[in-house]
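First the structure, in the form of structure tokens, and then the observations on it.
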Amino acid sequence: MPFTIRRRLLLAGAVCSALFSFAAAAQTAYPDKPVRLVVPYPPGAATDAISRAFAQQLGAIMGQPVVVENRPGAGSAIGIMAVKNRPADGYTLLVHAEGFYSAKLTTPGASYEFSDFDILAPLAQSSYAFIVPADRGWNTLQDLKGTKREMDIGIADLGIGTYSTLAARLAASLGTQYRPIPFKGGAEGLTAILGGQIDGYFTTIGTTQTVKDNPHVKVLAYTGRPGSASHLAGVKTFSELGVPDMVFHSSYSVAVRSGIPEPVRTQLARFVRQAATSTAMDKARQDLYLDGYSGSLDDYKQEQLRLSAEFEASAKARKRD
């Protein structure tokens, strides 16, 4: 082989080796500083608790602290925008829930697009229980059918979201009318139902544990799939009680800004999946009365898109009204 050709081949090999070494070094260098996990909900709720359990596991796997930052407000838009406005470098993560879709429809300042974020892994999901004041005399769902007056049902969203969707579905299924009573958060609505100030309220299964034995309320049904574990002894699903359009789960996942460098994204996705599926997270979900997600990541994303379409249809219906 002529010397010139051999020299060129050696130089090309050296360049490729250097580029490979540089790419590998860039990949292994991540992360080299603390990571921030933004929770667009207040401290104390199940979303916050499962996020903190996840942050602890993720930090141990990544070898860097994962700092939880609660940024509630505007239906979760404040936290979402906080993540969008930070660099797309893999050092800021978002706890993604239904508010991601409803806030876009209800908050004028929510200048983000769904494509601005990429879901990396589901964390947990929760069904909802429907509770009523004990002094109303409603002991079963059948007692609510055809109620002559409007039912005051508490909602903890901005008119489009999980609570509003569940209230509208329930009223349509039971053939009754309802009036949404807005609250700033789940705890405020729970206080109102315990005090008999509203007729009904949807609460996550975890929150329901704190009131299920309270003599001032009755738990009538929950939104799980037929045969699912309710964590509520003696309480059946809406479907099992003849109300099939009430299967619903709130889902929590971890998302990141779209457009981060691919080597970083690949490594981060691996870390996130490893933490989300760890034994410690299984225990955290169990302790919080949450369920894992058994489908694929693509299945999960498709479910979220269907939910966002339902929220968008609700928003259009409200505008027509």
Of those in the range 244-272 that are within 23 Å of R306 (Cα to Cα) and open to solvent by 60 Å² or more (accessible area, probe 1.4 Å), the residue nearest to the chain's Cα centre (by Cα) is D245
Those residues of the range 30-88 which are more than 19 Å from the chain's Cα centre (by Cα) and basic (K, R) amount to K33, R86
Log entry, pairs with first residue in the range 219-243 being surrounded by fewer than 20 Cβ atoms within 10 Å (Cβ to Cβ), second being among the acidic types (D, E) and in a strand (DSSP E or B), beta carbons closer than 8 Å, six or more apart or on different chains, reads S228/D291; A229/D291
For Y41, the lone unmet condition from (1) modelled with pLDDT of 85 or more; (2) of a type outside the set (G, A, S); (3) assigned to a loop (DSSP other than H, G, I, E, B); (4) out of contact with any Ser or Thr (no Cβ under 9 Å at 6 or more places or on another chain) is (4)
Going through (1) modelled with pLDDT under 95; (2) within 22 Å of A97 (Cα to Cα) one by one, G227 fails only at (2)
Flagged pairs (Cβ under 9 angstrom, 6 or more apart or on separate chains; first in the range 245-272, within 19 Å of A97 (Cβ to Cβ) and at pLDDT 95 or above; second small (G, A, S) and open to solvent by 50 Å² or more (accessible area, probe 1.4 Å)) are S258/S115
* Could we say that Q302 is of a type outside the set (A, V, I, L, M, F, W, C), in a helix (DSSP H, G or I), closer than 27 Å to L194 by Cα and free of Cβ contacts under 8 Å to residues at least 60 places away in the same chain here? -> no
Given (1) surrounded by fewer than 20 Cβ atoms within 10 Å (Cβ to Cβ); (2) out of contact with any Ser or Thr (no Cβ under 9 Å at 6 or more places or on another chain); (3) within 20 Å of E98 (Cβ to Cβ), L194 misses just (3)
Only one of Y201, Y178 is buried (at least 17 other Cβ atoms within 10 Å of the Cβ) and over 21 Å from the mean Cα position of the chain (by Cα), namely Y178
Expected output for the range 98-119 (first residue free of Cβ contacts under 8 Å to residues at least 40 places away in the same chain, partner in a helix (DSSP H, G or I), Cβ below 6 Å, 6+ apart or cross-chain) is A110/A77; A110/A103; A110/K104; Y112/I80; Y112/K84
Within the range 103-115, the count of residues that are open to solvent by 10 Å² or more (accessible area, probe 1.4 Å) and part of a helix (DSSP H, G or I) comes to 5
Within the range 116-137, the residues that are open to solvent by less than 10 Å² (accessible area, probe 1.4 Å), more than 17 Å from N214 (Cβ to Cβ) and either among the aliphatic types (A, V, I, L, M) or in a helix (DSSP H, G or I) (or both) are L120, A121, L123, A124
Scanning the range 145-172 residue by residue, the ones that are touching a residue at least 60 places away in the same chain (Cβ under 8 Å), in a helix (DSSP H, G or I) and touching a strand residue (DSSP E or B) at 6+ places or on another chain (Cβ under 9 Å) total 5
Counting only residues in the range 39-83 that are open to solvent by 60 Å² or more (accessible area, probe 1.4 Å) and of a type in the set (D, E, K, R), the one farthest from A156 (Cα to Cα) is identified as R52
- Task: Answer yes or no as to whether K184 is modelled with pLDDT under 90, open to solvent by 70 Å² or more (accessible area, probe 1.4 Å) and of a type outside the set (F, W, Y).
- Result: yes
Residue hits (the range 286-298; over 13 Å from H249 (Cβ atoms) and either in contact (Cβ under 8 Å) with a residue 24 or more places away in the chain or open to solvent by less than 80 Å² (accessible area, probe 1.4 Å) (or both)) are L288, S296, L297
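The values are calculated or read from the model by the stated rules, or taken from the named source; none is laboratory data. Nothing here was measured: the structure is a model prediction, and the numbers come from that model. Don't worry about glycine lacking a Cβ; one is built from the backbone with ideal geometry, like all the others, and counts go over all protein chains shown. In case anyone asks, the SASA skips ligands and DNA or RNA and just uses the protein heavy atoms, side chains included. Shrake-Rupley method; radii C 1.70, N 1.55, O 1.52, S 1.80 Å.
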